[in-house]
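Encoded as structure tokens, the structure appears first; notes follow it.
The values are calculated or read from the model by the stated rules, or taken from the named source; none is laboratory data. Only a predicted model underlies this, so the values are computations on that prediction, with no experimental measurement involved. Positions of Cβ are backbone-derived with ideal geometry, glycine not excepted, and every protein chain shown enters the neighbour counts. Quick note on the areas: whole protein, heavy atoms, side chains included, nothing else; ligands and nucleic acids left out. Shrake-Rupley method; radii C 1.70, N 1.55, O 1.52, S 1.80 Å.
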Amino acid sequence: MIRAQGYSATSVDELCAGAGVTKGAFFHHFASKEALGVAAADYWSQTTSELFAGAPYHRHADPLDRVLGYIDFRAGLLNGPPEAFTCLVGTMVQEAFGSSPAIRQACEASICGHAARLEADIGEAMERYGVSGFSIASLALHTQAVLQGAFILAKARGGPEIARDSVDHLRRYLTLLFCHPDPARS
């Protein structure tokens, strides 16, 4: 629901109805809607971590191929309406960053934690291809910034096409940055 209509627009009553629980049950488990938001961000991090941990791009021997495979994997998820593929924590932090420090921190941990999982492959690729002049962490965070921006554009346009274009641009950027011939794009 939050991915479809936003954190602020999703009421506790709607959440309860969607989950099939009473409002009393909700408040038995969560002290507030904000507490649910933090728990949702934590759950999102755990669930998406498992999804990405099992993704096939980890099987590539070349670290840059793993990074590009990650981008391809993300592109493969861009299907259906925006609420089907956009990021819950990206959606929540856009709305709650100023009004809820707890939600902002949970969303930051999720997004930055996801970026951090790319750092080993990026670092190995930088070493292997002799690329320098920027930090590993900054490039990992840049990938997340492009993806989150792609999700915003998809919401604005009402579909995944513009997000696919943005992810394709990110892939081309990384290929050029590492001066890596990309047979998939020839």
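Any residue at all in the range 73-80 that is closer than 23 Å to GLY159 by Cα, in contact (Cβ under 8 Å) with a residue 12 or more places away in the chain and surrounded by fewer than 15 Cβ atoms within 10 Å (Cβ to Cβ)?
For the range 73-80, residues closer than 23 Å to GLY159 by Cα, in contact (Cβ under 8 Å) with a residue 12 or more places away in the chain and surrounded by fewer than 15 Cβ atoms within 10 Å (Cβ to Cβ): present.
Can you tell me which residue among GLY123, GLY149, GLY113 is of a type outside the set (Phe, Trp, Tyr) and farther than 22 Å from TYR7 by Cα?
Exactly one residue qualifies, and that residue is GLY123.
Taking THR143 as meeting all but one of (1) surrounded by 21 or more Cβ atoms within 10 Å (Cβ to Cβ); (2) β-branched (Val, Ile, Thr); (3) more than 23 Å from SER45 (Cα to Cα), write down the number of the exception.
Against the list (1) surrounded by 21 or more Cβ atoms within 10 Å (Cβ to Cβ); (2) β-branched (Val, Ile, Thr); (3) more than 23 Å from SER45 (Cα to Cα), THR143 comes up short only on (3).
Given the conditions (1) under 17 Å from TYR70 (Cβ atoms); (2) open to solvent by 20 Å² or more (accessible area, probe 1.4 Å), which single one is not true for THR175?
(2)
Within the range 1-18, which residues are part of a loop (DSSP other than H, G, I, E, B) and open to solvent by 70 Å² or more (accessible area, probe 1.4 Å)?
Once the filter is applied, which keeps residues that are part of a loop (DSSP other than H, G, I, E, B) and open to solvent by 70 Å² or more (accessible area, probe 1.4 Å), the range 1-18 yields MET1, SER8.
Please go through the range 19-40 and give me each residue that is open to solvent by less than 60 Å² (accessible area, probe 1.4 Å) and within 24 Å of the chain's Cα centre (by Cα), ordered by number.
LYS33, ALA35, LEU36, GLY37, VAL38, ALA39, ALA40
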